[in-house]
Amino acid sequence: MRELPRGTVTFLFTDIEGSTRLLDELGAEAYGAALAEHRRVLRDSFERNGGVEVDTQGDAFFVAFPTASGALDAARKAQDALELPVRMGLHTGTPLLTDEGYVGPDVHRAARIAAAGHGRQVLLSAATASLLEGIDLCDLGEHRLKDLSAPQRIYQLGYVDFPPLKTLQRTNLPIPATPFLGRDHELGEVEELLAREDARLLTLTGAGGSGKTRLALQAAGAAADAYADGVWWVPLAPLADPADVGAAAVRALGGGGTLAEAVAGRRLLLLLDNFEHVVEAAPEVAALLAECPRADVLVTSRERLRVQGEQVYPVPVLERTQARGLFVARARAAQPDFEPDEHVDELCERLDDLPLALELAAARVPLLTTEQLLDRLRNRLDLLRGGRDAEVRQQTLRATIEWSQELLDEGEQRLFRRLAAFAGGCTLEAAETIAGADLDVLQSLLDKSLVRSSEGRYGMLETIREFAAERLAESGEADEILHRLALHLLELAESARLMSESDPPERPELVRPELDNFRRAIDWAREHDPELALRLAVSLELFWVLNDPFEGARTLSELLETDAAVPPTLRARALRTLAEAAITAGDVATGSRAMAASLAEFERLGDEHGIAIVRHRLSGVARRDGDLPRARQLLEASLAAARRLSDRKLEADCLRNGAWIEHSDGNLARAVALNEESIVLLCEIGHTWLLRGALLESADLARELGQMQKAEDSAREGLRVAQSLSDRQGIVLGVATLAQVFTAAGELERSGRLWGAVEAEAERAPVGAWDEFQDEAAKTIVHDDPAFERGREVGRRLSFDEAVAYALGDE
């Protein structure tokens with residue numbers, strides 16, 4: 001394929017007018033043949049005239065030419081040879097060429113020019129026409145295209161009469177300062193809703209700065225053909241009194257009398273923009289639709305109107321690729337040589353992928369790098385400031401959110417600020433218990449787009465939560481609300497049974513959605529109630545091991561470094577929790593010291609249960625160090641205590657550890673017996689995480705005994721258990737165990753694929769203790785056979801989810 005032209009480029013867009021109707025008229029077979037001939041003719045003409053095909057979708061082509069004359073010649077010769085009614089549009093500009101193709105408004109302009117035409121018609125922009133000499137061009141005058149740009153002079157090749165162009169004729173839609181980027185999916189959905197006969201009142205809702213107005217304007221422009229009497233924009237932000245809404249709409253229409261009289265029987269679309277502060281005028285909108293059956297109304301508002309017949313469309317924040325594209329485009333408008341770097345995606349995430357926030361941030365690019373922007377986002381509400389031409393309510397993020405907050409009544413403002421205590425969202429129960437939420441008030445905040453709901457949880461965009469948190473701090477309620485949050489989370493964690501002393505089954509899924517809230521509560525309690533902070537961290541003992549041993553070790557270390565007086569039993573458990581997290585993270589030295597200190601504390605207390613648990617953990621450390629006699633001694637003492645205390649979970653764990661010790665000592669038969677006994681007991685009591693380790697040990701033992709089917713079955717079962725727990729380290733171990741099995745079975749390409757995926761995952765982020773064992777595992781996996789290397793290369797290109805699916809045979 002030839003390289004895309006650079007510099008001054010002429011774009012040609014083509015598509016078949018009325019393709020659906022033609023398919024019905026000609027039938028599938030005849031239309032298919034005509035379509036194939038149409039493509040052949042176009043491609044032949046493009047190639048003969050130096051065109052490079054950029055994209056094709058359905059019956060549409062997007063082609064770039066290095067010269068305007070070549071593009072026009074290609075269009076003219078193609079039209080002469082085509083039988084189907086194809087419309088064509090040409091525009092010349094200097095687009096930016098990136099690795100992803102052409103970027104900039106010139107692409108959109110060319111597409112809009114083509115869309116304005118009719119079958120067999122060739123349209124040209126003034127920029128293209130100015131580069132041509134000796135060509136019969138008909139000046140069609142100035143037209144507003146549906147991209148809402150300023151009026152453009154459009155020319156037609158030849159003087160044949162065609163129907164009027166499909167452009168904006170009767171409208172007062174404003175000309176946006178910047179091109180419309182992304183949102184193609186949302187725009188399509190809004191256009192479909194506008195076309196429905198049962199959706200005559202469509203309200204676009206969303207938080208301030210989410211792009212409601214921009215999306216509504218674009219949709220209104222695109223829908224203009226359906227409204228013979230025009231599409232009309234009514235800006236409501238300047239109004240203070242809901243009673244003035246009707247008069248403002250009448251002024252926009254250029255009429256007199258009442259709004260119903262001004263609209264009468266006209267087929268038109270009214271766009272009522274920024275309705276939230278005049279929402280009391282909603283009944284007037286409903287009455288208008290009842291009196292004027294040919295009119296439709298499109299509304300943007302931070303809350304819905306709550307009138308009969310209303311169709312609500314919640315405008316989402318941008319998808320990450322859209323957010324990135326918007327930021328880059330706006331940054332290049334401010335600094336043309338801007339190139340995106342590795343910080344852009346994180347910047348988008350920190351700004352909630354919110355269009356207004358992204359545009360304000362991009363305006364800072366001439367002054368700050370993306371890394372500096374990230375560093376300064378703690379003050380994002382004031383850092384991100386718009387230009388002099390921005391509306392007052394959108395000059396800063398603070399002003400945008402303040403506009404919404406000032407519309408709340410006292411009860412709504414109270415709940416709004418209290419919900420800021422939840423760093424990770426909350427359940428309805430938590431909102432009621434901690435923030436004193438009333439259902440009606442919570443629903444009102446949802447309706448006003450200040451709170452979002454997803455899968456039974458309620459939360460805020462981070463930019464909005466930051467503002468609400470300031471209000472909470474000013475209210476004097478913060479300590480009380482955060483104390484309630486900490487106590488609620490402690491009760492939740494204890495119910496999840498994640499401590500060594502807890503009875504099974506463990507339920508880490510209860511606390512996983514609350515991790516950000518736990519962080520918030522621990523940070524608050526660290527300063528106000530150190531004992532509560534430590535209790536919260538210890539209550540997550542198994543959760544740290546499963547989800548983030550690095551964070552667990554760091555959190556426990558920081559809390560234990562304080563001089564705060566805490567109960568001795570709590571301190572002993574905290575040392576044990578630190579030890580387990582550190583060992584799982586691969587820091588065996590820190591873990592061993594903390595575990596020894598924990599044992600000393602429990603021995604001073606005479607806590608037999610605590611002593612038994614820690615002796616079991618130290619047995620594992622001794623086994624890793626190769627001191628099998630000490631490992632056996634500690635384990636035997638722990639197992640005896642577990643049976644004496646009727647702790648079946650600890651007993652099963654001791655049996656499992658005993659199997660590892662015997663395995664390390666080469667006593668495979670004894671190891672198998674102990675491990676099977678452990679599996680039976682773990683299944684009886686329902687402790688899933690311990691069962692994962694026993695199943696993977698069963699796979700290792702079966703592999704060494706040459707029982708390949710059992711090894712594969714046990715490894716897969718252990719991997720499924722780890723997956724059910726979202727245990728990243730366990731999942732890595734499970735995939736590696738299967739790779740060992742496949743190597744031993746001579747299935748080297750399968751083994752290589754899994755090992756390549758494990759290597760890639762370990763490179764993405766530390767896996768903890770796995771890093772210590774990776775070299776040892778490689779000795780039983782890696783093979784110099786070409787089949788292994790082929791698989792390895794494939795595996796390194798897989799996402800880890802794809803690799804797990806392959807390992808489980810689910811792909």
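Here the label points at Arg519 and Gln709, each 7 Å from Cα along the C-beta direction, are separated by 4.8 nm in the simple model. Solvent-free Debye calculation, one equal scatterer per alpha-carbon of region 178-254: log10 I(q)/I(0) at 0.11, 0.19, 0.21, 0.25 Å⁻¹ equals -0.33, -0.99, -1.16, -1.35. 3J(HN,Hα) couplings calculated from phi for region 11-17 with the Karplus curve 6.51 cos²θ - 1.76 cosθ + 1.60 (θ = phi - 60°) are, in sequence order, 9, 10, 10, 9, 7, 7, 7 Hz; Gly and Pro show x.
Across the chain, the relative contact order, built from alpha-carbon pairs under 8 Å that are at least six residues apart, equals 5 percent.
Extension gain for Arg2-Arg43 works out to 13.4 nm (0.36 nm per residue, less the C-alpha to C-alpha distance). Put simply, the convex hull of the Cα atoms in the chain casts, on average, a shadow of 41.9 nm².
A Stokes-Einstein calculation at 37 °C with viscosity 0.692 mPa s, built on the Kirkwood radius of region 441-509 over Cα pairs, returns a diffusion coefficient of 224 µm²/s. Annotation: for a label point projected 7 angstrom from Cα along Cα→Cβ of Glu551, residues of region 585-602 with backbone N closer than 16 Å are 585. Each Cα pair under 8 Å and six or more residues apart adds its sequence gap; the mean of these over the residue count of region 584-684 is a relative contact order of 20 percent.
Karplus-derived 3J(HN,Hα) values for region 594-603, using 6.51 cos²θ - 1.76 cosθ + 1.60 with θ = phi - 60°, are 5, 5, 5, 5, 4, 4, 4, 5, 5, 5 Hz; glycine and proline are entered as x. Each Cα pair of region 525-627 feeds into the Kirkwood radius, which the Stokes-Einstein equation turns, at 4 °C and 1.567 mPa s, into a diffusion coefficient of 96 µm²/s. Surface composition of region 157-206: carbon plus sulfur atoms hold 52% of the accessible area, using a 1.4 angstrom probe and ignoring ligands, DNA and RNA. Could you tell me how many degrees, from 0 to 90 and to the nearest 10, lie between the Cα long axis of helix 608-624 and the main elongation axis, the longest principal axis, of the Cα atoms of the chain? With rounding to tens, the tilt is 80 degrees. Counting only protein heavy atoms and a probe of 1.4 Å, the accessible surface of region 427-486 is 46% carbon and sulfur. Accessible surface computed residue by residue for the chain, with neighbouring protein chains in place and a 1.4 Å probe, gives 43 Å² per residue. Taking a ≥ b ≥ c as the square roots of the eigenvalues of the alpha carbon gyration tensor, region 665-766 is oblate, as a/c is not under 1.5 and a/b does not beat b/c. Once the Cα-Cα distance is subtracted from the 0.36 nm per residue extended length, the Arg170 to Arg251 segment shows a gain of 27.7 nm.
Of the peptides 26-33, 259-266, the ranking by mean beta-carbon count within 10 Å, highest at the top, reads 259-266, 26-33. In terms of packing, defined here as the mean over residues of other Cβ atoms within 10 angstrom, the peptides 654-664, 508-518 line up highest first as 654-664, 508-518.
When restricted to Cα atoms, region 393-476 yields an Rg and a Dmax of 11.8, 37 Å, respectively.
Taking amide H positions as modeled 1.01 Å from N, with prolines and chain starts lacking one, the residues under 5 Å from Thr203 and 5 or more places away or on another chain are Val299, Gln311, Val312, Tyr313.
If the segment from His118 to Asp375 were pulled out straight at 0.36 nm per residue, it would be longer than the present Cα-Cα gap by 87.3 nm.
With 19 Å as the cut-off, how large is the P(r) tail for region 558-683, expressed as percent of Cα-Cα pairs? The calculated P(r) of region 558-683 puts 50 percent of pairs beyond 19 Å.
Put simply, when 708-716, 49-57 are sorted by average Cβ atoms within 10 angstrom per residue, most first, you get 708-716, 49-57.
The angle between the Cα long axis of helix 282-291 and the main principal axis of the chain comes to about 50°, on a 0 to 90 degree scale.
The values are calculated or read from the model by the stated rules, or taken from the named source; none is laboratory data. Only a predicted model underlies this, so the values are computations on that prediction, with no experimental measurement involved. Neighbour counts run over all protein chains shown; Cβ positions are idealised from the backbone, glycine included. Surface accessibility is based on the protein's heavy atoms, side chains included, excluding ligands, DNA and RNA. Shrake-Rupley method; radii C 1.70, N 1.55, O 1.52, S 1.80 Å.
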